[in-house]
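Student: To start, I am sharing the structure in question, which I have written as structure tokens.
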Amino acid sequence: MSNKEILMTANQAIHQGDYEGFLAYCTEDTKWVYVGEQTITGKDQLRHYLPTAYEGATFTTEQYIEQGEYLTVLGKIQLKQKDGNLVRYTYCDVWHFREGKLAELKAFVIAD
């Protein structure tokens, strides 16, 4: 599978609420950096983060740019806040793959 196909398959698992299915596509030491906000390191931290952040999330991907071990994804995401309100964001995710798995994410997210 290409990096794009790996990410699309992993994101489908998130869409279905299958967080363990998503984690199967991540390295043990995966690192997610939300620029200016927070950093999540390792599958265990991610396992706790995913259900709180992505439950009911909807993604609209506008563009994929793949080069070597990197995949950049541009798009929109709608997330449910703690108060139940939905908020739309524009995002740019830069993924680094290692041995066919999601090793690192650098995410730039801006509320619309």
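Student: Taking K and R as +1 and D and E as -1, what net charge do the other residues with C-beta under 13 Å from the C-beta of residue 11 add up to? Write down the numbers at each step before the final one.
Tutor: On the way: positive: 4; negative: 5, 18, 93.
Net charge in that neighbourhood comes out at -2.
Student: Related question: Taking the Cα centre of region 3-111 as the origin and placing charges on Cβ (Lys, Arg +1; Asp, Glu -1), which of 96, 23, 107 is farthest toward the positive end of the dipole?
Tutor: The listed residue farthest towards the positive side: 107.
Student: Return 15, 96 ranked ascending by Cβ neighbour count within 10 Å, so the fewest neighbours appear first.
Tutor: Numbers: 15 14, 96 17.
By the 10 Å Cβ count, ascending: 15, 96.
Student: At 222 nm, what helix-only mean residue ellipticity would the chain give, in deg cm²/dmol to the nearest 500, using -39500 (n - 2.57) for each DSSP H run of four or more? The partial results should precede the final answer.
Tutor: Values: 3 runs with 31 residues, N = 112.
That calculation yields -8000 deg cm²/dmol at 222 nm.
Student: Net charge near residue 98: determine it from the other residues with C-beta under 10 Å of the C-beta of residue 98, scoring Lys and Arg +1 and Asp and Glu -1. Write out the running numbers ahead of the final one.
Tutor: Details: positive: 101; negative: 29, 69, 99, 104.
Result for the neighbourhood of residue 98: -3.
Student: Within the chain, how many Lys pairs sit with Cα atoms under 14 Å apart, leaving out pairs fewer than 8 places apart on the same chain? Please report the intermediate quantities before stating the final value.
Tutor: Numbers: 4/101; 31/43; 31/101; 31/106; 43/101.
Here the count comes out as 5.
Student: Here's something else I'd like to know. Identify which of 49, 25, 91 has the largest mean-square fluctuation in a Gaussian network model of the chain, with springs joining Cα atoms closer than 10 Å.
Tutor: Evaluated over the chain, the most mobile residue of the options is 49.
Student: Which label belongs to the value computed from this structure, given these candidates for Rg/Rh (Cα atoms, Kirkwood Rh): [x] 1.06; [y] 1.02; [z] 0.93?
Tutor: [z]
Student: With +1 on each Lys and Arg Cβ and -1 on each Asp and Glu Cβ, and nothing else charged, work out how big the dipole of region 1-85 is about its Cα centre, in Debye to the nearest 20.
Tutor: Numbers: 7 positive and 12 negative charges, 44 e Å.
For this selection, approximately 200 debye.
Student: Using amide H atoms built 1.01 Å from N in the peptide plane, name the residues 5+ places from residue 30, or on other chains, whose amide H lies under 5 Å from its own.
Tutor: Answer set, sorted by chain and number: 42, 43.
Student: Please tell me the relative contact order of region 5-82 in percent, rounded to the nearest whole number, where contacts are Cα pairs under 8 Å and at least six residues apart. Could you put the intermediate results ahead of the total?
Tutor: Working: 85 pairs, mean separation 16.6, N = 78.
After rounding, I find 21 percent.
The numbers here are math on the coordinates, done by the rules we state, and not lab data. All values derive from a computational prediction rather than experimental measurement. All Cβ positions, even for glycine, are placed from backbone atoms using ideal geometry, and neighbour counts span all protein chains on display.
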